[in-house]
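Beneath this line is the structure, given in structure tokens, with notes to follow.
The values are calculated or read from the model by the stated rules, or taken from the named source; none is laboratory data. Since the structure is predicted, the reported quantities are computational estimates derived from the model, not experimental observations. All Cβ positions, glycine included, derive from the backbone under ideal geometry; neighbour counts span all protein chains shown. Note: areas computed on protein heavy atoms with side chains; ligands, DNA, RNA excluded. Shrake-Rupley method; radii C 1.70, N 1.55, O 1.52, S 1.80 Å.
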Amino acid sequence: MTSTDAPAAIAPAPPVLAEVVRSGFTEGHHRGSLVLLAADGSVERTLGDPDAPVFPRSSNKPMQAAAILRAGLELSGERLALAAASHSGEPFHLELVAKMLAEHGLSAADLRTPPDLPLDPVAAEAYLAAGNVRERITMNCSGKHAAMLAVCVRNGWDTATYLDPAHPLQLLVGQVVAEAAGEPVAAVGTDGCGAPLMAIGLTGLARAFRSFVLAEPGSAERRVADAMRAHPEYVAGTRRPDTWLMTEVPGTLSKMGAEAVQAVALADGRALAFKIDDGSVRALGPVLARALELLGVDAPVVSRIGRAPLLGGAAEVGEIRAKF
């Protein structure tokens, strides 16, 4: 660089969304971006850069499930909720995935999910104690993959390449994501389960969830939202915040994603989306609870979701708490 060259601009650090406080001492921070939408869809509050593209990870699953319906697969109830799930790997999840596969002449061998243990620690301990090993069907995205395979069978599409970004199903997923978000897909990557992953901004993600709860009854989007809200235990599990929130705040659609992404829409169209930059899910609950408070949600479940204690030995010595 010569003496006349201007120094490169340094982007400002994202704002702190949560702080880690141990024994009264702040030992760390979690930064990120967040957006809140009012009931009319207008932006009510932002932190960081919610228009910058992110990979929503499993928060994209409602859109993937809507694409499966648009492609002609008849799903409803628990099956449709499981198609949009990051399930905990509890026995009732695995039993329904196996049933969905069998109903279309498929088996767990057709899945292209990576072998995994149940997502829920309690379920994982029981699974291992029974002498089981990592399986494709146990991976938390197996319900989505079972539905993707089923729609391929229904349409005569190649099941061996159902995860190829150029596959007819994945092209349709991209269209649905862009339509719901109201913005083009900025990038296509590969999710942890192997499926194509579409990047959009957090504002677009919040808009997408809002559009699902306000969609016309009978539309693919509304059917997905209704199934998820009616059967939240199939979307997540018996010990998961998404389940608690959709159960205890009627009409709410909620879906977390890996790398600390969360999207929520309330029945009246209020919505939120955020991502914690370092991907730490330990801060997700406190940030979600604070965002819900700012949207005006007053329910006991908010405090339950927001509680994130820190332990020192066997004693509680601190907490992770929202800082906005």
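The set of residues in the range 94-127 being in contact (Cβ under 8 Å) with a residue 24 or more places away in the chain, part of a loop (DSSP other than H, G, I, E, B) and either over 17 Å from Glu233 (Cα atoms) or open to solvent by less than 50 Å² (accessible area, probe 1.4 Å) (or both) consists of Glu103, His104, Gly105, Leu106, Leu111, Arg112, Thr113, Pro114, Pro115, Leu117, Pro118, Asp120.
Restricting the search to the range 69-125, which residues are under 20 Å from the mean Cα position of the chain (by Cα) and of a type in the set (Lys, Arg)? Matches in the range 69-125: Arg79, Arg112. In the range 128-140, the qualifying residues are those that are of a type in the set (A, V, I, L, M) and assigned to a loop (DSSP other than H, G, I, E, B), and the one that is nearest to Thr190 (Cα to Cα) is Met139.
When the range 71-92 is filtered for residues that are over 20 Å from Arg223 (Cα atoms) and part of a helix (DSSP H, G or I), the ones remaining, listed by number, are Pro91, Phe92.
When Ala66 is tested against the conditions (1) aliphatic (A, V, I, L, M); (2) surrounded by fewer than 24 Cβ atoms within 10 Å (Cβ to Cβ); (3) touching a helix residue (DSSP H, G or I) at 6+ places or on another chain (Cβ under 8 Å), the lone failure is (2). So, restricting to strands (runs of 3 or more DSSP E) that lie completely within the range 235-324, which ones have at least 1 residues that are under 28 Å from Cys193 (Cα atoms)? Fully inside the range 235-324 and qualifying: 253-257, 261-265, 271-276. Of all residues in the range 151-179, those that are under 28 Å from Arg210 (Cβ atoms) and small (Gly, Ala, Ser) total 2.
Each row is one residue, and each column tells you yes or no for (1) within 24 Å of Val43 (Cβ to Cβ); (2) open to solvent by less than 50 Å² (accessible area, probe 1.4 Å); (3) of a type in the set (Asp, Glu); (4) touching a helix residue (DSSP H, G or I) at 6+ places or on another chain (Cβ under 6 Å).
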{"site": "Thr238", "(1), (2), (3), (4)": "no, no, no, no"}
{"site": "Thr247", "(1), (2), (3), (4)": "no, no, no, yes"}
{"site": "Ala271", "(1), (2), (3), (4)": "yes, yes, no, yes"}
{"site": "Val302", "(1), (2), (3), (4)": "yes, yes, no, yes"}
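Per the conditions (1) touching a residue at least 24 places away in the same chain (Cβ under 8 Å); (2) in a helix (DSSP H, G or I); (3) surrounded by fewer than 18 Cβ atoms within 10 Å (Cβ to Cβ), the sole criterion not satisfied by Gly143 is (3). Of the set (1) over 24 Å from Pro114 (Cβ atoms); (2) more than 17 Å from the chain's Cα centre (by Cα), all apply to Gly204 but (2). Among the charged types (D, E, K, R) and either open to solvent by less than 10 Å² (accessible area, probe 1.4 Å) or within 21 Å of Val302 (Cβ to Cβ) (or both), is that true of Arg282? So Arg282 passes the test. Taking the numbered list (1) among the charged types (D, E, K, R); (2) surrounded by fewer than 18 Cβ atoms within 10 Å (Cβ to Cβ); (3) in a loop (DSSP other than H, G, I, E, B) in turn, Glu179 passes all entries but (3). Scan the range 205-217 and tell me whether some residue there is under 21 Å from His104 (Cα atoms) and in a loop (DSSP other than H, G, I, E, B). No, the range 205-217 contains no residue that is under 21 Å from His104 (Cα atoms) and in a loop (DSSP other than H, G, I, E, B).
Among the residues of the range 293-312, those that are touching a residue at least 40 places away in the same chain (Cβ under 8 Å) and either closer than 14 Å to Ser254 by Cβ or of a type in the set (Val, Ile, Thr) (or both) comprise Leu295, Val297, Ala299, Val301, Arg304, Ile305. Restricting attention to the range 26-63, the residues that are in contact with a Leu (Cβ under 9 Å, 6 or more places away or on another chain), part of a helix (DSSP H, G or I) and open to solvent by less than 40 Å² (accessible area, probe 1.4 Å) total 3. Between Ser219, Ser211, the distinction of being farther than 28 Å from Arg307 by Cα, open to solvent by less than 40 Å² (accessible area, probe 1.4 Å) and among the polar types (S, T, N, Q) belongs to Ser219 only. In this structure, is Pro196 open to solvent by 20 Å² or more (accessible area, probe 1.4 Å) and either farther than 23 Å from Ala236 by Cα or at pLDDT 95 or above (or both)? Judged against the criteria, Pro196 is not a match.
Scanning the range 243-280 for residues that are β-branched (Val, Ile, Thr), more than 11 Å from the chain's Cα centre (by Cα) and closer than 20 Å to Ile200 by Cα yields a single hit, Ile276.
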